[in-house]
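Read the structure below first, then the notes.
The values are calculated or read from the model by the stated rules, or taken from the named source; none is laboratory data. Just so it is clear, the structure is predicted and the values come from calculations on it, not from any experiment. A quick note on method: Cβ atoms are made from the backbone with ideal geometry, for glycine too, and the neighbour counts reach across all protein chains shown.
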Amino acid sequence: MEVKEVLHMSKGEGEDSYFKNSIYAQKLAALTMPMLIPRTVDSLFAEGLIPCKLLNVADLGCSTGPNTFTFMSSLIRSLEHKCRELKLDVPEIQFYLNDLPGNDFNTLFRRLSEFRKEYADLSCFFMGAPGSFHERLFPEKCLHLAYSLYSVHWLSRVPRLTSDEGQALNKGKIYISKTSPRGVKEAYLAQFQEDVRRFLRCRAEELRIGGRLMLIIDGRPWGGDPAARESCYTWELLAEAIVSLVSEGLVEEEKLDTLNVPYYIAAPEEVQLIVEQEGSFALEHLETITVERGSPLVEDEEKEDPWTRGRKLAKNIRIFTDSIIQHHFGFGEEIMNKLYDEKLALLIGKDMSKGPSKGTSIVLELRKN
């Protein structure tokens, strides 16, 4: 599978779109942005990168969801506040919005017209930048700030998970699990290390000295077992849902055995070691944030039963796994609906009825050396 040709979030603005269903990422971003962005803006002033005529900012893996606009709004407000405090003019801002070519840039740019009106008194410019962030995207030393929200855990390719004889090593699973051989875990980590090193090298060429790189990625706790259920929650339950389709004769077992997702849920110490060994950046800040999966965004949802919240979380999972699953199995809409709306939703609801499950995010601020 050529990941950059296949992967994209669910398109449009309908009820099943990424735009409407990226609830979990919104919740985590809401917890991190209020403290992360003002600190980063202060850092850019301290480095002497602001004041400037034009501030160049790149969003890497922007998709179409609300987080893209939430981040831009938060950055603009923090910048305005700091400039007002120092009695300086707010610089013009050029936002580069990057994602893979399959991303729904049309929906993104439609939403931008509303965003522009909100900040009509400022000089903000927007440009699409399609391509893989595992490669160079921008001219040398042109960026002041780059950030990526819930994207760097995606791998550039699926690790090689077959024996010398061509046999699948991770049968019945689509990611690391308790039953996975040791080699599966090692292959995933090695691919993640290779991809993040390449990502950092590319950004190091594009950022100015003292520029900042902000990352929020799906992760696990310090020292967490990569095969623990909470570390691989989404992929473990999705594999169980597909196994259910196999038992009904709707999927060939061999097709399941040959699917492994291009995704890695890292531990903070793994990310820290990669940054230190690659050497282009200084680690300014690293923390983890833990949130209950399926936790409500608004008070009215507190009363929802596990099954209702399970259906919502299944829909949330579909928006970022749909393209990979559909490409591999070739399912029609009917079986895709059965997989997510029936099988996966039931498994999540059953799991939630036993008690809460928590997910971890890793938050980093890096300074270009």
Mind listing just one residue for me: the one in segment 80-138 that is among the basic types (Lys, Arg) and closer than 25 Å to Leu44 by Cα and, of those, surrounded by the fewest Cβ atoms within 10 Å (Cβ to Cβ)? Lys87
Looking at (1) in contact (Cβ under 8 Å) with a residue 12 or more places away in the chain; (2) in a helix (DSSP H, G or I), which is the one condition that is false for Val246? (1)
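Give the residues of segment 148-187 that are of a type in the set (Val, Ile, Thr) and modelled with pLDDT of 90 or more, sorted by residue number.
Scanning segment 148-187 gives Val152, Val158, Ile174, Ile176, Thr179, Val184.
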Kindly check whether there is at least one residue in segment 335-349 that is farther than 27 Å from Cys62 by Cβ, at pLDDT below 90 and over 24 Å from the mean Cα position of the chain (by Cα). no
Within segment 117-132, considering residues that are in a loop (DSSP other than H, G, I, E, B) and of a type in the set (A, V, I, L, M), the one modelled with the lowest pLDDT: Ala120
Would you confirm whether or not segment 139-146 contains a residue that is assigned to a helix (DSSP H, G or I) and either under 17 Å from the mean Cα position of the chain (by Cα) or at pLDDT below 95 (or both)? no
Collect the residues in segment 222-261 that are over 20 Å from Val158 (Cα atoms), touching a strand residue (DSSP E or B) at 6+ places or on another chain (Cβ under 8 Å) and of a type in the set (Asp, Glu), keeping them in residue-number order. Glu230
Do we have any residue at all in segment 146-162 that's free of Cβ contacts under 8 Å to residues at least 24 places away in the same chain and either among the polar types (S, T, N, Q) or surrounded by fewer than 19 Cβ atoms within 10 Å (Cβ to Cβ) (or both)? yes
Considering only helices (runs of 4 or more DSSP H) wholly within segment 250-369, the ones with at least 1 residues that are basic (Lys, Arg) and more than 30 Å from Cys202 (Cβ to Cβ) are 253-257, 306-329, 345-353
Does Thr258 meet the test of being farther than 30 Å from Asn56 by Cβ, of a type in the set (Ser, Thr, Tyr), over 20 Å from the mean Cα position of the chain (by Cα) and modelled with pLDDT under 95? yes
What pairs come up if the first residue lies in segment 266-286 and is at pLDDT 95 or above, the second is aromatic (Phe, Trp, Tyr) and surrounded by 15 or more Cβ atoms within 10 Å (Cβ to Cβ), and their beta carbons are under 7 Å apart, counting only those six or more places apart or on different chains? Ala266/Phe192; Val275/Phe281
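Among the residues of segment 326-346, how many are in contact (Cβ under 8 Å) with a residue 24 or more places away in the chain and not aromatic (Phe, Trp, Tyr)?
10
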Name the single residue that is surrounded by the fewest Cβ atoms within 10 Å (Cβ to Cβ) among those in segment 188-234 being at pLDDT below 95 and assigned to a helix (DSSP H, G or I). Tyr233
Of Glu114, Glu135, the only residue that is of a type in the set (Asp, Glu), modelled with pLDDT of 90 or more and out of contact with any Ser or Thr (no Cβ under 7 Å at 6 or more places or on another chain) is Glu135
Selection within segment 72-111 - of a type outside the set (S, T, N, Q) and in a loop (DSSP other than H, G, I, E, B): Leu86, Lys87, Leu88, Asp89, Val90, Pro91, Leu100, Pro101, Gly102, Asp104
